[in-house]
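None of the figures in this text is laboratory data; all of them are computed from the coordinates on show. Source: prediction; values computed, not measured.
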Amino acid sequence: MSVKKRIVSGMRPTGALHLGNLHGALQNWINMQTDYDCFFFIADWHALTSDYENPGNIKNYTHNMMVDWLAAGLDPEKSVLFVQSRIKEHAELFLLLSMITPVPWLERNPTYKEQIEALNSKDLSTFGFLGYPVLQAADIIIYKAEGVPVGIDQVPHIELTREIARRFNYLYGRVFPEPEALLTEISKILGTDRRKMSKSYNNAIFLSDSPEDIRLKTGRMITDPQRIKRSDPGDPSVCNVFSFHQLYSPADLVAQIDPDCRGAKIGCVECKKKMAEHLVTYLAPIREKIQYFKNHADQVDQIMENGSNKARAVATQSLAEVRDAVKI
Ligand code: TRP
Ligand code: SF4
C-alpha cells in the first residue's frame, strides 16, 4: 500500500502549451511526482462545455497536450496520465452528484458568472456549463483525492467539490475525503505584451516554438515602458525580459544585467538577445522530445491507453462503493 497522498488535477485541451502553463501548473505537477500519488488527466469533456459548437480540435489538442506533458517531464512510470472521456465512471458519478447538488450553489459560483461574461461570443446558458463544477467534483473525488494542485482561479471549484463531497457523505455515509486545494504559485512571467500569457492574446511563447520563433518573439517583447532611449536608465524590477532572465539565464549574467540596466550600460536589444539564447537552450531538450513524440504517435496513444486503464481500475472500484451507498 502506498502511503503517499493522492492528488488529482486536470487541464482542458485548448491548444499548445506555453511558458505560462509550464511555470504556472505543469512544472509544479512534475515536481510533485516523487512525493505524491499523482493522477493527471486531460479534461476533454470540460473543453466541450464551452466549445460544443466547434469540437473539431479537441481530439488533436488532447493528443498534443499529452505530447507536451511527456516532453516537459510528466512520467507515465510515476504518474497516472489519462484522458477524462475514456473513464465513463466520471460521467456516472457526475450524474449521481447532480441529484444532490442544489442549483443555487452553481449559480452562485463566481467563476460561472465571470466566464459567461468573458466568453460572451459563446452561448453558455447550457445545463452542461452550469454543471461544470459538478463534473470537476466527480473528477476529483472519484479517485478519493486528498489534494488538488490548482491555481487560485480554481479555488471556488475546489470549495464546491468539498461541499458536494460533504453532502454526499452526510446523505449516504462516508465514502469520500474532502480534498484540499494545493495552491500553485503564480508564474511571474507575462506574455510578450506584458499581459497575462495566453494563446488567445497572441503573446505566448510555446514549448514547441523554434529558436527562430523565440528570437523573433523576444525581439518584440515590451521591456521597462519608462525606458525609451538607449541612454535612459532602466528598471529591471518592472521588466518582463528581466523576469525571463531570472528563469532562464545563469545567475552571474542576471547579477550583471541588473546594475548594467540601471546604469544604461546595456541596451534592451542586446539584453533581449542574450535572454533569447538562454531560453532557446532551456527549451531545446523539451522541443526535441516534442519532436520525438510527434514522430511516435503510437507510443503516445499507448501511454494514454495504459494510463486510462489504470485510472479506470480505481474509478470502477469507487463507483461500486458509490452505487452501494446510494442503493442503486
Ligand atoms: N477546471 C480546470 C481548469 O479549467 C480543469 C479541471 C477539470 C480540473 N477537472 C479538474 C482541475 C479536476 C483539477 C481537478 O483549469
Ligand atoms: Fe529590461 Fe534588459 Fe532593457 Fe533592462 S536592459 S529594461 S532588463 S530588457
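A few notes on this one:
- Dividing the Cα radius of gyration of the stretch 106-155 by 2.2 N^0.38 Å, with N the residue count, gives 1.27.
- Pairwise inverse Cα distances across the stretch 79-225, averaged and inverted, put the Kirkwood hydrodynamic radius at 17.9 Å.
- Of interest is the spacing of the C-alpha centroids, which for the stretch 82-125 and the stretch 150-180 amounts to 14 Å.
- For residue 12, residues with placed amide H under 5 Å, excluding near neighbours: 43
- All alpha carbon pair distances within the chain were sorted into 10 Å bins beginning at 0; the resulting P(r) in whole percents reads 5, 23, 30, 22, 13, 5, 1, 0.
- Folded to 0 to 90 degrees: helix 155-172 orientation relative to the chain principal axis, Cα: 10 degrees
- Hz values of 3J(HN,Hα) by residue in the stretch 210-218 - Karplus curve (6.51, -1.76, 1.60), Gly and Pro given as x: 6, x, 5, 4, 5, 5, 5, 5, 4
- Averaging 1/r over every pair of different alpha carbons in the stretch 209-290 and inverting the result gives a Kirkwood radius of 12.9 Å.
- The Cα atoms of the stretch 236-328 cover 73, 36, 18 Å along the three principal axes, with the biggest extent listed first.
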